[in-house]
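The values are calculated or read from the model by the stated rules, or taken from the named source; none is laboratory data. In this text the structure is predicted, and so the values were computed from the model without any measurement. Heads up, the Cβs are rebuilt from the backbone with ideal geometry, glycines too, and the neighbour counts pull from every protein chain shown. We work out accessible area using only protein heavy atoms, side chains counted, and drop any ligands, DNA or RNA first. Shrake-Rupley method; radii C 1.70, N 1.55, O 1.52, S 1.80 Å.
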Amino acid sequence: MGAFAWLKTWSLLIVIAAASSFDSDETSNRRNLLGNGLASTPPMGWNSWNHFNCMIDEKIIKQTADALVATGLAKLGYNYVNIDDCWAELNRDSKGVLVPKKSTFPSGMKALSDYVHTKGLKLGIYSDAGFYTCSKKMPGSLGHEEIDAKSFASWGIDYLKYDNCNNGGIRPTLRYPVMTRALINAGRPIFFSLCEWGDLHPALWGYTVGNSWRTTNDISDTWDSMISRADQNEVYADYARPGGWNDPDMLEVGNGGMSKNECIVHFSIWAISKAPLLIGCDVRNISKDTMEIIANKEVIALNQDKLGVQAKKVRMEGDWEVWSGPLSQYRIAVLLLNRGPVRTEITAHWDDIGIAPTTSVQARDLWEHKTLNTRFTGNLTATIDSHGCKLFVLKLVS
Ligand code: GLA
């Protein structure tokens, strides 16, 4: 049987298994066929693409690992150090194995993962479910899934981002599960991040195949790009759960294109949406303002809440929105968001967020780090700056 016949057979088996699991009870609905036990909460870490693009080398990766530890970000949970596109030579070796680029990764990936692991961190790598990666500067894994997954496992890789370029027009539901199977065969638990850009609604099938799935095209460092990714991702809220998450793309906080308020909105939405928190700036030179945002323990805790439910928009009126979702211990997360050009009052009504009308609530403001003195009944109103937000955790008191 040729490589493509195998590819189709395995994919078919996986997709059939996935489909039948959706027909049965709630327990099997939640089955992630990858079964790697990872992603009980959204992944946290760093990725090279948003800041460095193809200009990466092993020195930057090592220094980033050092910086994650030195800044305290590693302790807060940012533990994946993910290398994106452009790390390999254009040609495989005589045995068909991917070769780390000699000029930029001369020590090889095993040495790099050893280094990153001694820091208590994990190493991520990138490949593509196509013939070439998106940069076209290295080969993709289509047709080489088994050998590549084995290489990644033998190098000590912990996370694979798997892109969608140059794929010969083959459906993603045929291409992605082949790598799932190869990762299972390779025997190392590797977080599997599907970077399918939302083309064929990966939220509908991603849970059976991987641990996260991109729901959008690439983010760029502007308010419009960021907020439109948040909107596209929100539509799929019901499909995120422990083991597999919607991914609206990596963070742009700290890259300079958005104001501080806008970066707070960006981080708040990603947190409440249970999105992967993958820092996309240069953590070796990080500003105080950026640290204040990405190192906010209370917002991180909201993202990492055990219940793992993605928040949704519960009210939209002109330029303002209320987003909300349940948290563990009967708490509720609420985001008041002002998308417009002027400061405005925004109200969260209890009947929008699933609280009985007479229930009183204590509100914790996660950016002010303050529990408000007022007890709120029926609704909560706050005045919000243009392109700003408030993020609360509500606790029912009586
Ligand atoms: C695609 C992905 C990006 C990045 C680049 C690398 O565009 O969506 O996140 O990985 O490829 O070339």
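So for region 252-266 (the condition being in a loop (DSSP other than H, G, I, E, B), surrounded by 20 or more Cβ atoms within 10 Å (Cβ to Cβ) and in contact with a strand residue (DSSP E or B) (Cβ under 9 Å, 6 or more places away or on another chain)), does at least one residue qualify? Write out each step before concluding.
As a first pass, look at region 252-266 and keep what is in a loop (DSSP other than H, G, I, E, B): 252-259.
Restricting the remaining residues to those that are surrounded by 20 or more Cβ atoms within 10 Å (Cβ to Cβ) gives 252-254, 258.
Filter again for in contact with a strand residue (DSSP E or B) (Cβ under 9 Å, 6 or more places away or on another chain), leaving 253-254.
Within region 252-266, one or more residues are in a loop (DSSP other than H, G, I, E, B), surrounded by 20 or more Cβ atoms within 10 Å (Cβ to Cβ) and in contact with a strand residue (DSSP E or B) (Cβ under 9 Å, 6 or more places away or on another chain).
So which residues in region 194-236 are within 13 Å of the ligand (Cβ to nearest atom) and on the phi > 0 side of the Ramachandran plot?
W197, G198, listed by residue number.
Being among the aromatic types (F, W, Y) and either surrounded by fewer than 22 Cβ atoms within 10 Å (Cβ to Cβ) or within 16 Å of the ligand (Cβ to nearest atom) (or both): is that true of Y78 here? Explain how you work it out, then say what you get.
Numbers: among the aromatic types (F, W, Y): yes; either surrounded by fewer than 22 Cβ atoms within 10 Å (Cβ to Cβ) or within 16 Å of the ligand (Cβ to nearest atom) (or both): no.
It is false that Y78 is among the aromatic types (F, W, Y) and either surrounded by fewer than 22 Cβ atoms within 10 Å (Cβ to Cβ) or within 16 Å of the ligand (Cβ to nearest atom) (or both).
Of all residues being in a loop (DSSP other than H, G, I, E, B) and farther than 27 Å from D85 by Cβ in region 268-298, which is least open to solvent (accessible area, probe 1.4 Å)? Just the residue, please. Let's see the steps before the verdict.
From region 268-298, those in a loop (DSSP other than H, G, I, E, B) are 273-276, 280-282, 286-287, 295-296; that's our starting set.
Of the ones still in play, those that are also farther than 27 Å from D85 by Cβ are 295-296.
Values: A295: 27, N296: 5 Å².
Only one residue tops the list, namely N296.
Just give me the residues in region 282-326 being among the acidic types (D, E) and closer than 17 Å to G388 by Cβ, in sequence order.
Taking region 282-326 and keeping what is among the acidic types (D, E), we get 282, 289, 292, 298, 305, 317, 319, 321.
Matches in region 282-326: D289, E292, E317, D319, E321.
Taking region 90-131, which residues are within 16 Å of the ligand (Cβ to nearest atom) and acidic (D, E)?
Correct list: D128 only.
Could you list all residues from region 21-62 that are modelled with pLDDT of 95 or more and of a type in the set (F, W, Y)?
W46, W49, F52 - these are the residues of region 21-62 that are modelled with pLDDT of 95 or more and of a type in the set (F, W, Y).
Mind telling me which of the residues A153, A149 ends up being modelled with pLDDT of 95 or more, touching a Ser or Thr at 6+ places or on another chain (Cβ under 9 Å), of a type in the set (G, A, S) and not in a loop (DSSP other than H, G, I, E, B)? If you could, list the steps in order and put the result at the bottom.
Details: A153 fails: touching a Ser or Thr at 6+ places or on another chain (Cβ under 9 Å).
Just a single option satisfies the conditions, and that option is A149.
Suppose the filter is loosely packed, with under 14 Cβ neighbours inside 10 Å and at pLDDT 95 or above; does V342 pass it? Even if it seems obvious, please write down each step before you answer.
Details: loosely packed, with under 14 Cβ neighbours inside 10 Å: yes; at pLDDT 95 or above: yes.
So V342 passes the test.
Counting only residues that are among the hydroxyl-bearing types (S, T, Y) and more than 15 Å from the ligand (Cβ to nearest atom), which one in region 139-185 is farthest from W205 (Cα to Cα)? Reasoning before the result, please.
As a first pass, look at region 139-185 and keep what is among the hydroxyl-bearing types (S, T, Y): 141, 151, 154, 159, 162, 173, 176, 180.
Restricting the remaining residues to those that are more than 15 Å from the ligand (Cβ to nearest atom) gives 151, 154, 173, 180.
Values: S151: 26, S154: 28, T173: 8, T180: 13 Å.
Here the residue is S154.
Tell me which residues, restricted to region 102-138, are open to solvent by 30 Å² or more (accessible area, probe 1.4 Å), under 20 Å from C165 (Cα atoms) and part of a loop (DSSP other than H, G, I, E, B).
Hits for region 102-138 are F131, C134, S135, K136, K137.
Quick one: in region 58-75, of everything that is assigned to a loop (DSSP other than H, G, I, E, B) and buried (at least 17 other Cβ atoms within 10 Å of the Cβ), which residue is nearest to the ligand (Cβ to nearest atom)? Write out each step before concluding.
Kept after step one, since they are assigned to a loop (DSSP other than H, G, I, E, B), are these residues of region 58-75: 71-75.
Narrowing the set further to residues that are buried (at least 17 other Cβ atoms within 10 Å of the Cβ) leaves 71, 73-74.
On the way: T71: 24, L73: 21, A74: 23 Å.
Among those residues, the one meeting the criterion is L73.
In region 205-220, is there at least one residue being under 30 Å from E368 (Cα atoms) and surrounded by fewer than 24 Cβ atoms within 10 Å (Cβ to Cβ)? Lay out the reasoning, then the answer.
Of region 205-220, the ones under 30 Å from E368 (Cα atoms) are 219-220.
Retained after the next criterion (residues that are surrounded by fewer than 24 Cβ atoms within 10 Å (Cβ to Cβ)): 219-220.
Checking region 205-220: at least one residue is under 30 Å from E368 (Cα atoms) and surrounded by fewer than 24 Cβ atoms within 10 Å (Cβ to Cβ).
Please identify the pairs in which a residue from region 345-367 that is surrounded by fewer than 19 Cβ atoms within 10 Å (Cβ to Cβ) has its Cβ atom under 6 Å from the Cβ atom of a residue that is of a type in the set (D, E, K, R) and not in a strand (DSSP E or B), counting only partners at least 6 apart or on another chain.
Listed pairs, sorted by first residue: S360/R375.
I want to confirm something. Restricting to region 147-183 and keeping residues that are farther than 17 Å from L38 by Cα and polar (S, T, N, Q), which single residue is most open to solvent (accessible area, probe 1.4 Å)?
So the residue we want is S154.
Looking at I272, I293, I227, I279, can you tell me which residue is over 16 Å from the mean Cα position of the chain (by Cα) and β-branched (V, I, T)?
Numbers: I272 fails: over 16 Å from the mean Cα position of the chain (by Cα); I227 fails: over 16 Å from the mean Cα position of the chain (by Cα); I279 fails: over 16 Å from the mean Cα position of the chain (by Cα).
Answer to the check: I293.
Considering only residues of region 299-314 that are assigned to a helix (DSSP H, G or I) and open to solvent by less than 40 Å² (accessible area, probe 1.4 Å), which is nearest to L76 (Cα to Cα)?
Taking region 299-314 and keeping what is assigned to a helix (DSSP H, G or I), we get 299-303.
Going one step further and asking which of them are open to solvent by less than 40 Å² (accessible area, probe 1.4 Å), we end up with 299-300, 302-303.
Details: V299: 11, I300: 8, L302: 13, N303: 12 Å.
So the residue we want is I300.
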